[in-house]
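A short write-up of the structure that comes next.
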Amino acid sequence: MAIRVWLLPSLLVPLTVLALSSGVAAQCQVGIAAPPTEPERPNHHPIGRSLPLAADFRQPDGCTDAFWFFDDDRDGKPDRAETRVFGPDRQVICASCHDAMPPADSAVATQTYLRRDPATLCLTCHAL
Ligand code: HEC
Ligand code: HEC
């Protein structure tokens, strides 16, 4: 499992990992392509875009075989409340922000299915 491969050296040599922290995500191996997703919605966040390796984007620090995640609680595991990007090319899809698809458009659906509060969601990926 890719997570363990990543975790083990980080426990054994925390100083090295600290020194290489910008390279930690690069050790992840995500082999599975991003899954099919619903069509992009008008007036909604774009999907199918790759997370740029750029200063105005934060970089995910954990991964599974299928996606990358922002390991906010540092437990090495992808929690429901942690934003994700999918596939080797780190695409934003619906499941990056939603942990299930709302059955219908409704205010309740937005409360229930977002991975994070809208106030902090954007800043998991965007660094302003
Ligand atoms: C970058 C994060 C993000 C992505 C990606 C994203 N959403 Fe959302 N979505 C939100 C946020 C935040 C809200 C609540 C605020 C709002 O209504 O815009 C929301 C609300 C919704 C809602 C309920 C309100 C509405 O606008 O109808 C639906 C349904 C929904 N999203 C579906 C989708 C689908 C389908 C996709 C993929 C095609 C998607 N979302 C991709 C962040 C995202
Ligand atoms: C999962 C990571 C992620 C999250 C969470 C996220 N974004 Fe983005 N956002 C991206 C990526 C990746 C792009 C595309 C960047 C590119 O193509 O250069 C993008 C692009 C955008 C754009 C430009 C759209 C365009 O048409 O070019 C806006 C505006 C934006 N995001 C706003 C938001 C807001 C507001 C939120 C919170 C509701 C949010 N983002 C949450 C990753 C994310």
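Listed values, structure above:
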item	result
Spin-label model distance (nm) - H126 vs H98, 7 Å beyond Cα toward Cβ	2.0 nm
Environment charge at D71 (Cβ cut-off 11 Å; Lys +1, Arg +1, Asp -1, Glu -1)	-3
Highest to lowest packing among 114-122, 57-65, scored as the average C-beta count within 10 Å	57-65, 114-122
Extension gain (nm, one decimal) between N43 and F57, 0.36 nm per residue minus Cα-Cα	2.9 nm
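A short reminder: the numbers here are calculations on the coordinates, not readings from a lab. Being a predicted model, the structure only gives us computed values, none of them experimental. Cβ sites come from the backbone with ideal geometry, for glycine too, and all protein chains shown count toward neighbours.
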